[in-house]
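First up is the structure itself, then whatever we jot down about it.
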Amino acid sequence: MALTIANECRKAALDAITALLNTGQFRLTTAANGGGTELALLPLSATAFGAATTASPSVAVSNAITADASVTAGTILGFDLRTSGGVSRINGTVGVGSGDLQVSNNVIPSGATEVSCTGGLTLSLQLS
């Protein structure tokens, strides 16, 4: 027997997950899954993500993410999305062309003064 999950359920699940991230942080680190040394810590807004879609998969797009002006040079290999209390709720790998979070450049050079996420983040949730 196949399990069927209504699109409204997918949306409700993703909305609940993203609500946990309100006033939280987007943390970039030197090791997968938010391990290693913290290179940048970008604060999330009081409403971190917009409402999720009822599509399959359900998708939620972040609101503006504040840049971190106090960064450490290094290669970003991991990330975690944390609650306002600093508890990791979503984490993964970072890479150029691969990884859970794909970026065009994952190196913070020596002398860098800021890390930003101008394109924001998009989370998707596929339940089947």
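For the residues ASP100, ASP68, the requirement of being touching a strand residue (DSSP E or B) at 6+ places or on another chain (Cβ under 6 Å) and open to solvent by 80 Å² or more (accessible area, probe 1.4 Å) singles out ASP100. Restricting the stretch 1-37 to residues that are of a type in the set (Lys, Arg) and in contact with a Leu (Cβ under 6 Å, 6 or more places away or on another chain), which is nearest to ALA73 (Cα to Cα)? Across the stretch 1-37, the extreme among qualifying residues is ARG27. Here PHE26 clears all of (1) open to solvent by 60 Å² or more (accessible area, probe 1.4 Å); (2) touching a Pro at 6+ places or on another chain (Cβ under 9 Å); (3) among the hydrophobic types (A, V, I, L, M, F, W, C) except the condition numbered (1). Checking each residue in the stretch 38-65 for being open to solvent by 50 Å² or more (accessible area, probe 1.4 Å), closer than 14 Å to PHE79 by Cβ and either touching a residue at least 60 places away in the same chain (Cβ under 8 Å) or not aliphatic (A, V, I, L, M) (or both) picks out only GLU38. How do the pairs read when you match residues in the stretch 66-94 that are closer than 18 Å to SER45 by Cα with residues anywhere that are among the charged types (D, E, K, R) and open to solvent by less than 50 Å² (accessible area, probe 1.4 Å), using Cβ under 7 Å and keeping only pairs 6 or more apart or on different chains? Close Cβ pairs (under 7 Å, with a partner that is among the charged types (D, E, K, R) and open to solvent by less than 50 Å² (accessible area, probe 1.4 Å)) amount to PHE79/ARG27; ASP80/ARG27; ARG82/ARG27; SER88/ASP80; SER88/ARG82; ARG89/ARG82; ILE90/ASP80. Condition (residue is of a type in the set (Asp, Glu) and under 12 Å from the mean Cα position of the chain (by Cα)) applied to the stretch 52-72: is it met by at least one residue? There is no residue in the stretch 52-72 that is of a type in the set (Asp, Glu) and under 12 Å from the mean Cα position of the chain (by Cα).
Report whether or not ASN33 is open to solvent by 60 Å² or more (accessible area, probe 1.4 Å), within 30 Å of ILE5 (Cα to Cα), among the polar types (S, T, N, Q) and touching a residue at least 60 places away in the same chain (Cβ under 8 Å). Judged against the criteria, ASN33 is a match.
Taking the numbered list (1) of a type in the set (Gly, Ala, Ser); (2) open to solvent by 50 Å² or more (accessible area, probe 1.4 Å); (3) over 15 Å from the mean Cα position of the chain (by Cα) in turn, GLY119 passes all entries but (3). Pairing each residue of the stretch 1-15 that is of a type in the set (A, V, I, L, M) with any residue that is modelled with pLDDT of 90 or more, provided the two are 6+ apart or on different chains, yields C-beta distances under 7 Å for LEU14/ALA52; LEU14/SER58; LEU14/ALA60; LEU14/LEU123.
The values are calculated or read from the model by the stated rules, or taken from the named source; none is laboratory data. These numbers were taken from a predicted model, which means no experiment stands behind them. Reconstructed Cβ throughout: ideal geometry from the backbone, glycine too, with neighbour counts over all protein chains shown. The protein model used for the area step is the full one, side chains on, heavy atoms only, and it has no ligands, DNA or RNA in it. Shrake-Rupley method; radii C 1.70, N 1.55, O 1.52, S 1.80 Å.
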